[in-house]
1. Compute the helix-to-body angle for 92-121: its Cα long axis versus the longest principal axis of the chain, expressed 0 to 90° and rounded to tens.
2. If you average 1/r over all unlike Cα pairs in the range 10-171 and invert the result, what Kirkwood radius do you get in angstrom?
3. Which FRET efficiency value, to the nearest 0.05, is calculated for residue 139 and residue 168 with the Förster distance at 41 angstrom and r the Cβ-Cβ distance?
4. If packing is taken as the average number of other Cβ atoms within 10 Å across a peptide's residues, how do 126-133, 55-62 rank, most packed first?
5. Do any GluC sites (Glu not before Pro) in the range 124-174 lie in a DSSP loop with no more than 14 other beta carbon atoms within 10 Å, and if so, which?
6. Helix 19-45 versus the longest principal axis of the chain: what is the Cα-based angle in degrees, 0 to 90, to the nearest 10?
7. If a/c stays under 1.5 just call it rounded; otherwise compare a/b with b/c (prolate if a/b is bigger, oblate if not). Do that for the range 79-181, with a ≥ b ≥ c from the square roots of the Cα gyration tensor eigenvalues.
Amino acid sequence: MTAIPVSTGLAGSLNGRLHRPALNVFLIVVLAHWAEHIVQAVQIWVLGWPAPQARGVLGQFFPWLVTSEALHYGYALVMLAALWVLRKGFTGRARGWWNLALGIQIWHHVEHLLLLVQAQSGWFLTGHPPQTSLLQLLIPRVELHLFYNTVVFVPMVVAMVLHARPRQSERELMSCSCARA
């Protein structure tokens, strides 16, 4: 068996010799973002704060972070790009889980794009402010974004664990050194 050909340049490096450090940096960024959503949920459900005051940790110091649709869309786009670029380094079972995270993030990105369009245009899905995503019509925003970040994070972590512990057939196809001995 031969390794899956990986593109050259930055994408090739990120899926080859730099795959493990790139995944680690990406994981830290995703964990930090997810932790902000968890803190916000604790502020609401445990501490009893009103939703507008529950802004996570960074949002307490920089309130505009919570209300900036452009920033949230940018993060969703970066997540999408990272999931897309780093997927070429995955093989076998890990690739399937990574693709699942990517597919969910594609939808999450669409939802954030819809929110951004509303924020920028003044057109609102419900006919009046605030901006609303499609699933937000059914699930409150705080809960929805905690859910989205969780359902992208879980298959991403499963993929990373499987990638670090591949079967022999998967290891033979890998173009990186992420597999543990």
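1. With rounding to tens, the tilt is 30 degrees.
2. 17.0
3. 0.45
4. Highest-to-lowest ranking by the protection proxy: 55-62, 126-133.
5. 172
6. Compared with the principal axis, the helix lies near 30 degrees.
7. Since a/c reaches 1.5 and a/b is larger than b/c, the shape of the range 79-181 is classed as prolate.
Each value in this text was obtained by applying a stated rule to the coordinates, not by laboratory testing. Please read all numbers here as calculations on a predicted model, not as lab measurements. Every residue, glycine among them, receives a Cβ derived from its backbone with ideal geometry; neighbour counts consider all protein chains shown.
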